[in-house]
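Student: What follows is a single structure, and I will ask about it in a moment.
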Amino acid sequence: MRGLADPRLAAAIRQIHEAPARSWTVAALAKEAALSRSAFFERFSRTVGVPPMEYLQGWRMNLAKDLLRRRVGTLDAIAERVGYGSASAFSTAFTRHVGLPPKRFATTAPMT
């Protein structure tokens with residue numbers, strides 16, 4: 001986790017991890033890091049290896065995969081928990097990111 005070695009980026013990354021459902025923007029994350037929007041975007045991308053919003057989506061999808069594997073909650077509840085306003089929007093994003101719809105992922109993933 002290269003970003004955690006940078007105190008400014010670490011502040012933003014901690015916020016993403018603590019509140020993944022929040023409607024994050026690059027500007028809001030830059031504020032958490034006490035950097036300008038452009039400086040934050042460049043520094044985050046260079047240090048972490050992906051742009052901030054891509055990192056956020058990846059974190060949300062990892063959380064969703066874990067919840068789906070453990071069969072925790074309905075699709076609506078999981079969507080809300082990871083920051084999507086609807087199960088439909090979540091399902092579209094999940095399918096694009098993972099390659100399987102959430103319901104199929106849940107039925108084929110081994111329970112943990």
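The values are calculated or read from the model by the stated rules, or taken from the named source; none is laboratory data. Note that the coordinates shown come from a computational prediction; the quantities given were computed from them, not determined experimentally. Note that we place each Cβ from the backbone using ideal geometry, even for glycine, and neighbour counts take in every protein chain shown. Side chains are part of the model used for accessible areas, which takes the heavy atoms of the whole protein and leaves out ligands, DNA and RNA. Shrake-Rupley method; radii C 1.70, N 1.55, O 1.52, S 1.80 Å.
Student: For segment 1-104, what is the relative contact order in percent, using Cα pairs closer than 8 Å and at least 6 residues apart in sequence? Write down the numbers at each step before the final one.
Tutor: Numbers: 99 pairs, mean separation 22.6, N = 104.
After rounding, I find 22 percent.
Student: Same structure, new question: On alpha carbon coordinates alone, what is the Rg over Rh value for the chain, Rh being the Kirkwood radius? Present the calculation step by step, with values, prior to reporting the outcome.
Tutor: Details: Rg = 14.9 Å, Rh = 14.6 Å.
Here the Rg-to-Rh quotient is 1.02.
Student: Which of the trypsin sites (Lys or Arg not before Pro) found in segment 1-58 are loop residues per DSSP with 13 or fewer other Cβ atoms within 10 Å of their Cβ? Provide the component values of the computation, followed by the final result.
Tutor: On the way: sites: Arg2, Arg8, Arg14, Arg22, Lys31, Arg37, Arg43, Arg46; in loops: Arg22.
Qualifying residues, ordered by number: Arg22.
Student: A further question on this structure: Please state the shape class of segment 1-47: rounded when a/c is under 1.5, otherwise prolate if a/b exceeds b/c and oblate if not, all from the C-alpha gyration tensor. Don't skip to the answer; put the middle values down first.
Tutor: Numbers: a/c = 1.83, a/b = 1.15, b/c = 1.59.
Since a/c reaches 1.5 but b/c is at least a/b, the shape of segment 1-47 is classed as oblate.
Student: Could you order Leu68, Leu35 so the one with the most accessible surface comes first? Probe is 1.4 Å. Working shown, then result.
Tutor: Values: Leu68 10, Leu35 35 Å².
Order by accessible area, largest first: Leu35, Leu68.
Student: Extending each Cα 7 Å along its Cβ direction at Val98 and Glu42, get the distance between those two points in nm, one decimal.
Tutor: About 3.7 nm separates the two model spin labels.
Student: Want the number for Ala77 to Leu4: 0.36 nm per residue separation, take away the alpha-carbon distance, what's left? Intermediate values should be presented prior to the final figure.
Tutor: Working: separation 73, 0.36 × 73 = 26.28 nm, distance 2.95 nm.
Stretched fully, the Ala77-Leu4 segment lengthens by 23.3 nm.
Student: How far, in nm, would the chain grow between Thr107 and Ala28 when pulled straight, counting 0.36 nm per residue and subtracting the alpha carbon separation? List each step's numbers first, then the result.
Tutor: Values: separation 79, 0.36 × 79 = 28.44 nm, distance 3.62 nm.
Extra length from Thr107 to Ala28 when fully extended: 24.8 nm.
Student: So, counting K/R as plus one and D/E as minus one, what does the shell of residues with Cβ under 12 Å around Leu75 add up to?
Tutor: Details: positive: Arg71, Arg81, Lys103, Arg104; negative: Asp76, Glu80.
For residues surrounding Leu75, the net value is +2.
Student: What percent do you get for the relative contact order of segment 56-112 when only Cα pairs under 8 Å and 6+ apart count?
Tutor: On the way: 49 pairs, mean separation 21.7, N = 57.
Relative contact order here is 38 percent.
Student: Just need the Rg to Rh number for segment 34-82, please, alpha carbons only, Kirkwood Rh.
Tutor: 1.17
Student: Would you kindly state how much longer the chain becomes between Ser91 and Asp66 on full extension, computed as 0.36 nm times their sequence separation minus their alpha carbon distance, in nm to one decimal?
Tutor: Extra length available between Ser91 and Asp66 comes to 7.5 nm.
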